[in-house]
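Note sheet for the following structure.
No value in this document is a laboratory result; all are computed from the given coordinates. Nothing here was measured: the structure is a model prediction, and the numbers come from that model. Here Cβ is always computed from backbone atoms with ideal geometry, including for glycine, and neighbour counts include all displayed protein chains.
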Amino acid sequence: MHYTEPMLKPEALKGKTIIITGGGTGLGKSMTRYFLTLGANVVISSRKLEVLQKTADELQQETGGKVLAVQCDVRNYLEVEKMLESTLQTFGGVDVLVNNAAGNFISPTERLSPKAFDVIVDIVLRGSYNCTLALGKHWIKNKQTNKAVLSIVTTYAWTGSAYVVPSACAKAGVLAMTRSLAVEWAKYGIRMNAIAPGPFPTKGAWDRLVPGNFKERFDLVKQVPLRRAGEHQELSNLAAYLVSDYSSYINGEVVTIDGGEWLQGAGEFNLFDDVTPEEWDLVEKMVRGAKSE
Ligand code: HXC
Ligand code: NAP
């Protein structure tokens, strides 16, 4: 057994139809691949139809599963409704929404134009509530139960982070929505959960957050206590579990998968990590000495 291996039983998602926003690239593509191998039908959507179609063709061939590629800008509610209609026409129903689409780039906040702030918040927060609202209305109106929404947030949804302020504001909003609706919509049989990943290298994120040789200068892995980046299969395993019926009693949860990264910065004395055993001998001597004075 290894953490890069698929975790769930084959057919764990059989019969489910899953919409993944931003499913054509990065983590969305990895989740799509795994959900297909577990027997789900997957609808992938984003702004670039060509990218989506290429991913759909590749993954259908690889897994033998069914993928529908739908162009949809999640900022636009009418487009989201159309995506839902296409899903219903093709698969007859929908069971799971994964709010994965995002926009982000690194920048000092005072350099942002109002439009730059808007564009991130609109993709992440408005996009997530547009999709959640459209799907929720559909499920509730048709009295359909055993449904799930999973949102991909980040750990700075609760810590905040310098230089990605619009993204931090928006992800915090998505987390608040998740926890609020977990209670409000539980009576309709809709579960709401989130995943907060640490660094999982993708082209989309890395090119915008640590571009060029900043990758070496600010090696994100160095701030992870486990000293490695996440593997896409690890995140896909967790996501598959959280949208499957195995997690039927998990509702309103945000599961962090970051190798301990966010806590590394939080603990007062975590910076003592690089003290050598010899130095610890010295520290002990000094501290014991202080006690006896
Ligand atoms: C300052 C910038 C900028 C930059 C764009 N803008 N890039 N301002 N610094 N680097 C400004 C523009 O000048 C413009 O404002 C406004 O933002 C909108 O830019 P457009 O290029 O017109 O927008 P658009 O074509 O819609 O592109 C959206 C985008 C782009 C968000 C800017 O990066 C994108 O398409 N991203 C999608 C994928 C993505 O971001 N993936 C990464 C997710 S990673 P003005 O006023 O000049 O018109 C993630 C990980 C989190 O979330 C945690 C990691 C550990
Ligand atoms: P990515 O490959 O850039 O994925 C983002 C996706 O969002 C793209 O497929 C993009 O497709 C889509 N998108 C952007 N704007 C959209 C819009 N208006 N409407 C519809 N789709 C839109 O980056 P990623 O790293 O895989 O990120 C996936 C998720 O994980 C995001 O929510 C991100 O915040 C989260 N996350 C990632 C990391 C990490 O280390 N990678 C860490 C924490 C959280 P189009 O351009 O075709 O629209």
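Scattering from segment 119-194 was approximated by placing one identical point on each alpha carbon and applying the Debye formula without solvent; log10 I(q)/I(0) at 0.22 1/Å stands at -0.92. For the chain, with a Gaussian network of springs between Cα atoms less than 10 Å apart, report the residue from TYR34, TYR249, TYR163 with the top mean-square fluctuation. Its mean-square fluctuation being the largest, the pick is TYR249. With N the number of residues in segment 1-102, Rg(Cα) / (2.2 N^0.38 Å) evaluates to 1.02.
For the set LYS16/LYS66; LYS9/LYS29; LYS48/LYS203; LYS54/LYS171; LYS115/LYS147, the pairs lying more than 23 angstrom apart at their alpha carbons are LYS54/LYS171; LYS115/LYS147. Were the residues from LYS48 through TYR3 laid out at 0.36 nm apart, the gain over their Cα-Cα distance would be 13.0 nm. The equivalent ellipsoid that matches the C-alpha gyration tensor of segment 48-110 spans semi-axes of 26, 17, 11 angstrom, in descending order.
Taking each DSSP H run with n ≥ 4 as -39500 (n - 2.57) and averaging over every residue of the chain yields -13500 deg cm²/dmol at 222 nm.
Taking N as the residue count of the chain, its C-alpha radius of gyration divided by 2.2 N^0.38 Å amounts to 1.11. For the chain, set up a Gaussian network in which alpha carbons nearer than 10 Å are linked by springs, and say which option among SER45, SER30, SER113 fluctuates the most. The residue that fluctuates most here is SER113.
Structure remark: mean-square fluctuation, Gaussian network model of the chain, C-alpha springs under 10 Å; the largest value among THR37, THR21, THR90 belongs to THR90. Taking packing as the residue-averaged number of other Cβ atoms within 10 angstrom, the listed peptides 142-149, 130-137, 267-274 run from highest to lowest as 130-137, 142-149, 267-274. Using 0.36 nm per residue and subtracting the Cα-Cα separation, the extra length available between GLU11 and ARG179 on full extension is 57.6 nm.
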